[in-house]
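The values are calculated or read from the model by the stated rules, or taken from the named source; none is laboratory data. Here the structure is a predicted model, which means the values were calculated and not measured. So basically every Cβ, Gly included, is an ideal-geometry build from the backbone, and we count neighbours across all protein chains shown. Accessible surface is based on the protein model in full, side chains and every heavy atom, while ligands, DNA and RNA are left aside. Shrake-Rupley method; radii C 1.70, N 1.55, O 1.52, S 1.80 Å.
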Amino acid sequence: MKYVPEEVTAKLASHELAFDAVRAALIAAAEQGTATFPVLQAHGSNPDDFYAVKASAVASLAGMKVGSYWPGNDALGVPRHSSIILLFDQTCGRIGAAVEAGRLNAFRTAAADAVAADALARPDATTLAIFGAGHQAEFEVRALARVRELTRVLVVARDSGKGAAFAAALCEEGIRAEAAEPEAACRAADIIVTATPATAPLFDAAWVRPGTHVASMGSDAVGKQELPPALFEGAHLFCDLASQSRKIGEFQHAEPATELTAIGDVLAGRAPGRRSAEDITVFDSSGLSVQDLFIARAVLDLLQA
């Protein structure tokens, strides 16, 4: 069995590697023959500590990711999130590779946002409103800055101090950013991204301008919610996988008959994406196991090379 520890994957992780792997994974996820199994959500001995198991299989890969969220880790000075990806040796059923992916998972999640934005956001989109100022929000902004020329980032955070600090850190990297209130941020934005653990809408649908691209990155469990359902009316709706998005993603809050398009079908040219400059596009990223398998393989290929 090949074992790749966190120290190695963290050094190899990059937005470029993640973008290419996740783009291919999203296309594969929408193809016939790919199996994505129901997500197992559980908790540790302390019910406040959560973990999820996501498994899938494609023609050449089968395996799973175990991702955990331990909120008390702040007091220990270690990240709240941790992940490990297990790939099967399909000739015998043993684990062929174990890839620790704590930092890698942050790149993978942000890459899904960037891939969808590259396909759905207006080419002239330059203003981003980011809801959240935590660990994942940093990766989202940097990934989006690779696919659109961001000239302004509006940071919306519950903790004003964290929001101001996050904006200042982005400015130090040459990304113009400032803290903002929800309504002002939404009304000014070409792209709105939510990266929070919210369980209720973060803004009003009326604040979203025609032509805006909206992405929910935080809804990955039953009960989570970041977007107002009224936004879905009249918008074009996209997701990583419809069956999972309806169960644990943002579209668990949509009407059952709501039409959803897999972003993989858009990427493969099997379905239309943005139809006009006035479209509001909404993308829900519930997080797929296939993405984990592909990014683990990309790391293994890089190590072998």
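Considering only protein heavy atoms, with the full assembly of protein chains and a 1.4 angstrom probe, order D74, D113 by accessible area, largest first. Before the final figure, lay out the partial values.
Working: D74 90, D113 0 Å².
These residues rank, largest area first, as D74, D113.
What value does the range 208-270 have for Rg/Rh, both radii from Cα atoms and Rh as Kirkwood defines it?
Values: Rg = 11.5 Å, Rh = 12.2 Å.
Ratio of gyration radius to Kirkwood radius: 0.94.
Check G96: other-chain or 5+ apart residues with amide H under 5 Å from its amide H, H built from backbone geometry?
L87, F88, D89
Taking the Cα centre of the range 228-290 as origin, sum charge times position over the Cβ atoms of Lys and Arg (+1) and Asp and Glu (-1), and report the length of that vector in debye to the nearest 20. Kindly include the intermediate steps, with their values, before the conclusion.
On the way: 5 positive and 9 negative charges, 39 e Å.
Its charge dipole is roughly 180 debye.
Probe of 1.4 angstrom, ligands and nucleic acids ignored: what's the accessible area per residue over the chain, in square angstrom?
Numbers: 13530 Å² over 305 residues.
For the chain, the solvent-accessible area averages 44 Å² per residue.
Dividing the alpha-carbon Rg of the range 60-160 by 2.2 N^0.38 Å yields what? Please list the in-between numbers first.
Details: Rg = 17.2 Å, N = 101, 2.2 N^0.38 = 12.7 Å.
In units of the globular-protein estimate, the range 60-160 measures up at 1.35.
Counting only protein heavy atoms, what percent of the accessible surface of the chain is carbon or sulfur at a 1.4 Å probe? The partial results should precede the final answer.
Numbers: 7140 of 13530 Å².
Taking all protein chains in place, the chain shows 53 percent carbon and sulfur surface.
Run the 1.4 Å probe and let me know the accessible area of S68, rounded to the nearest 10 Å².
Looks like 30 Å² after rounding.
Using Stokes-Einstein with the Kirkwood hydrodynamic radius over Cα pairs, what translational diffusion coefficient do you get for the range 2-69 at 20 °C and a viscosity of 1.002 mPa s, in µm²/s rounded to a whole number? The partial results should precede the final answer.
Details: Rh = 14.3 Å.
In µm²/s, the coefficient is 150.
With point charges of +1 on the Cβ of Lys and Arg and -1 on the Cβ of Asp and Glu, referenced to the Cα centre of the range 153-290, which listed residue (T212, F166, F238) lies farthest in the positive direction of the dipole?
In the range 153-290, that residue is F238.
Using +1 at the Cβ of each Lys and Arg and -1 at the Cβ of each Asp and Glu in the range 1-134, identify which of A13, P123, V99 lies farthest towards the dipole's positive end.
Checking the options against the dipole of the range 1-134, the answer is V99.
Which GluC sites (Glu not before Pro) in the range 205-305 sit in a loop by DSSP (not H, G, I, E or B) and have at most 13 other Cβ atoms within 10 Å of their own Cβ?
Numbers: sites: E226, E233, E250, E259, E278; in loops: E226, E233, E259, E278.
Passing both the DSSP loop test and the Cβ count: E233, E259, E278.
Tell me, what HN-Hα J-couplings in whole Hz come from the Karplus equation 6.51 cos²θ - 1.76 cosθ + 1.60 at θ = phi - 60° for each residue of the range 260-266, using x for Gly and Pro?
Calculated HN-Hα couplings, in order: 10, 10, 5, 4, x, 5, 5 Hz.
Roughly how many Å² of H15 are accessible to a 1.4 Å probe, to the nearest 10?
Probe radius 1.4 Å; accessible area of H15 about 40 Å².
Distance cut-off 19 Å, Cα to Cα: go down the list K162/K224; K54/K224; K2/K65; K224/K247 and report the pairs above it.
Numbers: K162/K224 22 Å; K54/K224 17 Å; K2/K65 16 Å; K224/K247 11 Å.
Result: K162/K224 exceed 19 Å.
Would you work out the charge dipole size for the chain about its Cα centre, treating the Cβ of every Lys and Arg as +1 and the Cβ of every Asp and Glu as -1, and quote it to the nearest 20 debye?
Details: 26 positive and 37 negative charges, 99 e Å.
Using Cβ point charges on Lys, Arg, Asp and Glu, the chain gives about 480 debye.
Lys/Arg Cβ at +1, Asp/Glu Cβ at -1, dipole of the range 203-305 taken about the Cα centre: which of V282, H253, I295 is farthest positive-ward?
I295
Cα-Cα pairs above 27 Å in the chain: how many percent? Write down the numbers at each step before the final one.
On the way: 17730 of 46360 pairs.
Summing the P(r) tail past 27 Å for the chain gives 38 percent.
How big is the charge dipole of the range 140-270 about its Cα centre, in debye rounded to the nearest 20, if each Lys and Arg gets +1 on its Cβ and each Asp and Glu gets -1 on its Cβ?
Details: 13 positive and 18 negative charges, 37 e Å.
That gives a dipole near 180 debye.
Collect residues whose amide H, placed 1.01 Å from N in the peptide plane, falls under 5 Å from the amide H of A129; neighbours closer than 5 in sequence don't count.
Here L154, D190, I191, I192, V193 satisfy the definition.
Using the reciprocal of the averaged 1/r over all distinct C-alpha pairs, how large is the Kirkwood radius of the range 153-277 in Å? Intermediate results must be reported in sequence, preceding the final value.
Working: mean 1/r = 0.0639 Å⁻¹.
One over the average 1/r among Cα pairs gives 15.7 Å for the range 153-277.
Sum -39500 (n - 2.57) across every DSSP H segment of at least 4 residues in the chain, then divide by the residue count to get the 222 nm mean residue ellipticity, nearest 500. Working shown, then result.
Numbers: 9 runs with 100 residues, N = 305.
It comes out at -10000 deg cm²/dmol, rounded to the nearest 500.
With helices defined as uninterrupted DSSP H runs, which ones in the chain have an alpha carbon span along their own long axis of at least 27 Å and mean Kyte-Doolittle hydropathy of at least -1.0? Present the calculation step by step, with values, prior to reporting the outcome.
Working: long enough: 102-120 (28 Å, 0.44).
Within the chain the helices that satisfy the rule are 102-120.
Going by amide H atoms built from the backbone, whose H comes under 5 Å of the H on L227, apart from near neighbours?
L202
Can you pull the accessible area of K224 for me, 1.4 Å probe, Å² to the nearest 10?
Looks like 50 Å² after rounding.
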